[in-house]
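All remarks here apply to the structure that follows.
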Amino acid sequence: MENDDRVDEYLKRIEVNRPKDVSDEEYLAQLHVGHLTHIPFETFDLIDIKQLNIEQDQIFRKLVQEKRGGVCCEMNGLFAFILQNFNYKIELIPCGVYATETESYSDLYTHIAMRITTKNGTKYLCDVGFSMDPLTPLYFQTDCVQYALNGFYQIIKSEDQLYYQLRNGCLKNKNDQFSLTSSSLETSIVDIDPERIAWRMSYRFPIDFDQKTLTLDDYKFKCPSIVHSPDIILNHQSICHIHTYQPTVGAYSLNGKKYSEWIFEDGHAIRKSAPSSIDDKEVEKLLQEKFNLNIERKIELVDSLI
C-alpha cells in the first residue's frame, strides 16, 4: 500500500494519470516525458551543501514531496522505482560521460542510464537524468538514427567493440529541414543520412553491462566523488535544466549565471532567447516560474569554479 501511495504522489507531481487503455510502450513514453517536463535536472545541493544521498526514501522525499530536482542517480533512481511498480523490467547501466574539452570519457558509474523491457519484449534506453536527455525513450537498437522529438539520437558501437556509445545532434545546415509524418508521443526510427547531422557524444557503457545485475546501492560508492571530485562539473557549476513538450518542444536552461531558452523544430535546436545573466534577486522567481522549484534556502548561482 505504501508503494501505491508513493506512485500516486509521483504521478500527481508529473501530471500523468495511471495507465488506462494504453500499451506499455505508450505509458512508458508518457512517464518519461512527464518526468522530464516536471522535475528538473539540478545541481544545487552538490555545490552549496555538498550533499548527495541516494537512499530511496531520501530521493522520493526530495524530488516528489519537496518538489526539487536532482542529478542522474537521483532522477533515474526514482524513475526506476516507479517503473518497477508498473512491472517493467529495469536494468541499471553504469556509464562514463564524454568530455568535449579532453575528448575522453569519465570513469564508469559517473552516470546511470536504464534499459527498460516492456511486457512484449521491446527494449528501450531510458534516461531522465542527463539534462540532454532524449525526450522520449530510445529503442535499444544500434546503427539506426532515431528522432526523439527533441533531436536525433544514435546508439553505436565503439571501434574496439567494447562499448555502446550514445550520441545526439541536430541538422548541420540551418536551411536543411526534417519533419515527421507522425505526431505521436514516441521515438521514430528515421531514414536520414547521418552526415546531415552535427553529432556530439553523450556517454558510453559496456556492451556486456547486462552480465551483472546492479541496484542503486551499487552506485553509493561513487557519491563522494560526484560531490567532491574536481573532474566532475556537477559539483562546481550551477546547472538547472528542464524540458518542455506542449505547446512547443524545447528546454529552459541555467548554466552558471546564464539563462537561455530553446525550441526544437524541424530537426533544429533553435535558441529562443540569447543567454542572459541572472542576478541573485532574480533566481528565486526564475526557479519558480520556469523550473517548478520552490527552494527554501537562498540559492546563489555559481559559474564554474575550475
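Every number in this text was worked out from the coordinates using simple rules, so none of it is lab data. Everything numeric here is computed off the predicted structure, so don't read it as measured data. Every residue, glycine among them, receives a Cβ derived from its backbone with ideal geometry; neighbour counts consider all protein chains shown.
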- Would you work out which of T117, T102, V190 lies farthest towards the positive end of the dipole of the stretch 85-222, given +1 charges on the beta-carbon of Lys and Arg and -1 on that of Asp and Glu, about the Cα centre? T117
- Query: What share of all Cα pairs of the stretch 2-291, in percent, falls into each consecutive 10 Å distance bin?
  - Reply: 6, 28, 38, 23, 4, 0
- Query: Where in the stretch 56-142 are there chymotrypsin sites (Phe, Trp or Tyr not before Pro) that are in a DSSP coil and have at most 16 other Cβ atoms within 10 angstrom of their Cβ?
  - Reply: F86, F140
- Placing +1 at every Lys and Arg Cβ and -1 at every Asp and Glu Cβ, with all other atoms neutral, what dipole size does the stretch 2-291 have around its Cα centre, in debye to the nearest 20? 320 debye
- Query: Zone of S158 (label point 7 Å along Cα→Cβ, backbone N under 13 Å): which residues in the stretch 106-125?
  - Reply: 106-109
- Note on the structure: Relative contact order of the chain (C-alpha contacts under 8 Å, at least 6 apart) in percent is 19 percent
- Item | Loop trypsin sites (Lys or Arg not before Pro), the stretch 84-137, which have at most 15 other Cβ atoms in a 10 Å radius of their Cβ (DSSP) | K119
- Relative contact order [Cα under 8 Å, 6+ residues apart], the stretch 34-134, whole percent: 24 percent
